[in-house]
Amino acid sequence: MITTQRSPTSGGGLQSPRSPPSQIPFLSVSVTDPAKMGNGVQAYISYKVITKTNFPEYQGPEKIVIRRYTDFVWLRDRLFEKYKGIFIPPLPEKSTVEKFRFSAEFIEMRRQALHTFVNRIALHHELQQSEDLRTFLQADEQTMERARSQDTGIFKKKPSDLMQIFRDVQSKVSDVVLGKEKPVEETNPEYEKLKRYIFELEDHLAEAQKHAYRLVKRHRELGQSLADFGKAIKLLGACEGDALGTAFSELGAKSEMLSVKLQREAQHILMNFEEPLKDYVRAVQSIKGTIAERANAFRQQCELAEAIKLKEIDLNKLRLIRSEKMLDAEHELGELKADGEEATRRFETIVRLMNEEIVRFQDQKTQDMGLAFHEFAKGQARLANGIADAWRSLLPKLDSLSVS
């Protein structure tokens, strides 16, 4: 369970250092107890979402609701549409392969990723104020279903449609960065540096995640080989007598024991190393969506500025000839200027938020990646020591056999 305390900028303010700890605003969320619901193609996994808080906007100190994956998608899409410039946390992919979709391992990975997703939102000083977050954490299942069904526009699309939109946006941004397309674009060195960083980071994270997956696979395969070897050696020992049979039996038992260690370490790498890397690949893809929103806002600002210039030229011509259309043109120019000012404010807000978000993202990435690599190194050291100790314990008996 992750607990978040409301920051001073989030509206509630922190209590003074002398205030009782129980009075400090907090919001903690847990995603637990995945359960399969329904049968066949209609089957899905539901999760228990437990919220504990003393935020005054919430209905009480604790609320338990049942949510499914599509509810998390609804929340993500609502935040993406409403909070331009903020890096919306990513969701895990939706598996369409039946045999993986309901496996215990996949369900646990999905639960852990959803838990991380909703807590990143709860920890964010802007996103934690979202009405949609409160709906997600408090509404009963019927209300939640109605909220999903009543959405329009981008919210009405299926998750698969939205993912295609995001992929198209990312592809378009990639084309811009790689120089394949030359739309109206910012000439800001810091922004160009940020885009290069994000695209390179995605490539390097994806490559690291690919090799982490290979490590998991290698550990599992070696564990299975040791298990098979252990069984074979124990059967061989049963055919022998005296010390040789005993030694073979112990060798087989050690092999089977090490097989279990390798399988456990494979699971540890999967959950604490590969999955965090994969999660950050998804996070970078989400950031690319925000970059696309910034590019769109800049383009709209430029297009409106150009339209205003043209309209001013037309208006001056109409004034010269004292045209009866002059009043309409002045009204249209006023509307264009208002739209242009709004577009400028929207773009400047996105820029400001992105500058804040990239700092927060890098700080969080440093912590998360540091923890993931620490867990990986610690697990490998533990495994190496266990393997060395196991084989070393057999050497005296094997030595006595070779001497005799």
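Taking the listed residues ARG120, ARG134, ARG68, ARG78, the one that is touching a residue at least 40 places away in the same chain (Cβ under 8 Å) and within 18 Å of the chain's Cα centre (by Cα) is ARG78, with no other qualifying. Quick one: how many residues across the stretch 233-246 are surrounded by fewer than 13 Cβ atoms within 10 Å (Cβ to Cβ) and either at negative phi or in contact with a helix residue (DSSP H, G or I) (Cβ under 9 Å, 6 or more places away or on another chain) (or both)? Looking only at that region, the number is 5. Selection of the stretch 388-400 for residues being open to solvent by 50 Å² or more (accessible area, probe 1.4 Å) and hydrophobic (A, V, I, L, M, F, W, C) yields TRP391, LEU395, LEU398. No other residue among GLU357, GLU341, GLU293, GLU274 is surrounded by fewer than 16 Cβ atoms within 10 Å (Cβ to Cβ) and either more than 20 Å from LYS84 (Cα to Cα) or under 43 Å from the mean Cα position of the chain (by Cα) (or both) apart from GLU341. Checked against (1) within 23 Å of the chain's Cα centre (by Cα); (2) hydroxyl-bearing (Ser, Thr, Tyr); (3) at pLDDT 95 or above, SER225 passes all but condition (1). Taken as a whole, the condition of being of a type in the set (A, V, I, L, M, F, W, C), exposed (fewer than 12 other Cβ atoms within 10 Å of the Cβ) and under 22 Å from GLU202 (Cα atoms) does not apply to VAL351. Counted as qualifying within the stretch 60-152 are the helices (runs of 4 or more DSSP H) with 3 or more residues that are touching a helix residue (DSSP H, G or I) at 6+ places or on another chain (Cβ under 9 Å) and of a type in the set (Lys, Arg), namely 69-82.
Looking across the stretch 247-271, just one residue is surrounded by fewer than 18 Cβ atoms within 10 Å (Cβ to Cβ), free of Cβ contacts under 8 Å to residues at least 24 places away in the same chain and either hydrophobic (A, V, I, L, M, F, W, C) or not in a helix (DSSP H, G or I) (or both), and that is ALA253. Scanning the stretch 305-320 for residues that are closer than 22 Å to VAL184 by Cβ, open to solvent by less than 90 Å² (accessible area, probe 1.4 Å) and of a type outside the set (D, E, K, R) yields ALA305, ALA307, ILE308, ILE313. Could you tell me whether any residue of the stretch 321-328 is part of a helix (DSSP H, G or I) and open to solvent by less than 30 Å² (accessible area, probe 1.4 Å)? For the stretch 321-328, residues part of a helix (DSSP H, G or I) and open to solvent by less than 30 Å² (accessible area, probe 1.4 Å): absent. In the stretch 10-45, the residue that is nearest to ILE121 (Cα to Cα) out of those that are modelled with pLDDT under 85, surrounded by 13 or more Cβ atoms within 10 Å (Cβ to Cβ) and of a type in the set (Gly, Ala, Ser) is SER10. Number of residues in the stretch 191-215 that are of a type in the set (S, T, N, Q) and either on the phi > 0 side of the Ramachandran plot or open to solvent by 80 Å² or more (accessible area, probe 1.4 Å) (or both) equals 0.
The values are calculated or read from the model by the stated rules, or taken from the named source; none is laboratory data. Remember, it's a predicted structure, so these values are computed and weren't measured experimentally. Quick reminder, even Gly has a Cβ in these numbers, built from the backbone with ideal geometry, and neighbours come from all protein chains shown. Areas reflect the complete protein model, heavy atoms only, side chains present, ligands, DNA and RNA absent. Shrake-Rupley method; radii C 1.70, N 1.55, O 1.52, S 1.80 Å.
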